[in-house]
Ligand code: SAM
Ligand code: SF4
């Protein structure tokens, strides 16, 4: 979401006369778009400000004024404390206020320190400038679109409900208009994003709240769209309509990111996840029943307060039972203001670190097995950009694996049937298959 937000900030500054530079040394304004989800991410902000301060001071020695802005969730959470700790920062803009950047910058240019972290009444998406065609084309054939923001779930470890605010969905018509603009400029793959994306309930053209399934069906009809994905989902909101969309829509990729966090019911309850291990397994089997070629990825937290070795083993067992194709895993990080940060039985750092290593070893084993299964198979690859070698192109499989092939640049933006000849540690290698183009979805649901 921060990638998407950064693009929208850049688009919004174009009418104010700004253009993107390749390096901070050339910039009149540097915006740090920040993440508050774990302590490490938040801490990085201050070391980064220190680095940019040196560039700002060098610019000042050359007689040039440079502004530093801090945006995103650290800005939202810490507000004017950021300027108190780092006086070189000129403005702080919260995650819901970046449509106000042009006026904030004008005030900062006249020497004021500006902080805006109020949750606004207006919808930022109504005010943000749309990206120019050439900006979209430069960002490639794959794009993100925010369809939902914020979260009302209040998992006990998570800052999102406090930093991104209450759950809000964008209306279907506005999303379709944004997607048409993207496809018109060459985008072929869309990832719909939201902190709790499958809780999507934006107003449809008929005035009735839509669902994510309905939105996906609608976007699958936009000319030019070849692939659809969405992230991040909550197991509780994986409703029948979305499960059915997976079975129906060839454009909806068979790769689902479904965070589980833990395999222990005791820990899931303490996390206030509102799902059990059994409930999660049930969601996976409903999805698999609709489409047999689905693969899953997940998020895991190890060392949540009170997690015992037995709880952790339940998580390892769940990984073996489902066999994830990939996963993100994190040591629990206590976040200020969240209920879990106040819990008594915090797990020592060494234990967290040891469990993370074991969990990651298990995920890597499953990932290697998953990738090895592609040797000799012929799969659809959406070609994205030139590779590192002359004449090489890089694309993505339906499962987001990077696939390298030798092919002419004119094929960028097309889906090709590719036979995988070699499985590397980070990519698959293949050649374009000499076969009649089979319907991409022929095997699904079989
Ligand atoms: N909405 C998604 C869900 O329900 O799982 C998660 C979105 S959250 C922005 C991304 C991931 O960060 C979470 O799935 C979780 O694994 C991780 N995360 C969130 N808070 C954390 C914390 N305090 N410590 C460690 N990891 C955390
Ligand atoms: Fe955070 Fe996801 Fe839980 Fe919402 S559902 S509180 S975003 S982990």
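A compact table of results
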| read-out | value |
| --- | --- |
| Per-pair calculated FRET efficiency, R0 = 35 Å: residue 350 and residue 19 via Cβ, rounded to 0.05 | 0.10 |
| Whole-number D in µm²/s for region 126-256 (Stokes-Einstein; Kirkwood sum over Cα pairs; 4 °C, 1.567 mPa s) | 85 |
| Modelled FRET efficiency - R0 35 Å, residue 409 with residue 132, Cβ distances, 0.05 increments | 0.90 |
| Virtual spin-label span in nm between residue 201 and residue 239, 7 Å along Cα→Cβ | 0.8 |
| Taking 292, 264, 326 and counting other C-beta atoms within 10 Å, the order from fewest to most | 292, 326, 264 |
| Equivalent ellipsoid, region 67-138 (semi-axes from 5 times Cα gyration tensor eigenvalues, Å) | 23, 15, 12 |
| Selected from 256, 381, 114 as most flexible by GNM, with the chain as the system and alpha-carbon contacts under 10 Å | 114 |
| Cα-Cα P(r), the chain, percent of pairs per 10 Å interval | 4, 18, 27, 28, 18, 4, 0 |
| Pairwise label distance in nanometres, residue 289 with residue 64, each label 7 Å out on the Cα-Cβ vector | 6.2 |
| Difference of contour (0.36 nm per residue) and Cα-Cα distance, residue 377 to residue 47 | 114.2 nm |
| Chain lengthening between residue 361 and residue 343 when straightened (0.36 nm per residue, less Cα-Cα) | 3.6 nm |
| Three principal axis lengths of region 135-200 [C-alpha, angstrom, descending] | 41, 23, 17 |
| Region 301-361: translational diffusion in µm²/s, Stokes-Einstein, Kirkwood Rh over Cα pairs, 37 °C, 0.692 mPa s | 267 |
| Segments 275-281, 385-391 sorted - mean Cβ within 10 Å per residue, highest first | 275-281, 385-391 |
| Potential extension, residue 80-residue 320 segment - 0.36 nm per residue separation minus Cα distance | 81.8 nm |
| Rg/Rg_ref, region 174-214, where Rg_ref = 2.2 N^0.38 Å and atoms are Cα | 1.28 |
| Volume in Å³ per residue [convex hull over Cα atoms, computed for region 213-354] | 123 |
| Cα-based radius of gyration of region 1-130 once divided by 2.2 N^0.38 Å, which approximates compact folds | 0.99 |
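Values in this text are rule-based calculations from the coordinates and carry no lab data. Small disclaimer: the values here were computed from a predicted structure and weren't measured. FYI the Cβ positions are ideal-geometry reconstructions off the backbone, even for glycines, and counts take in every protein chain you see.
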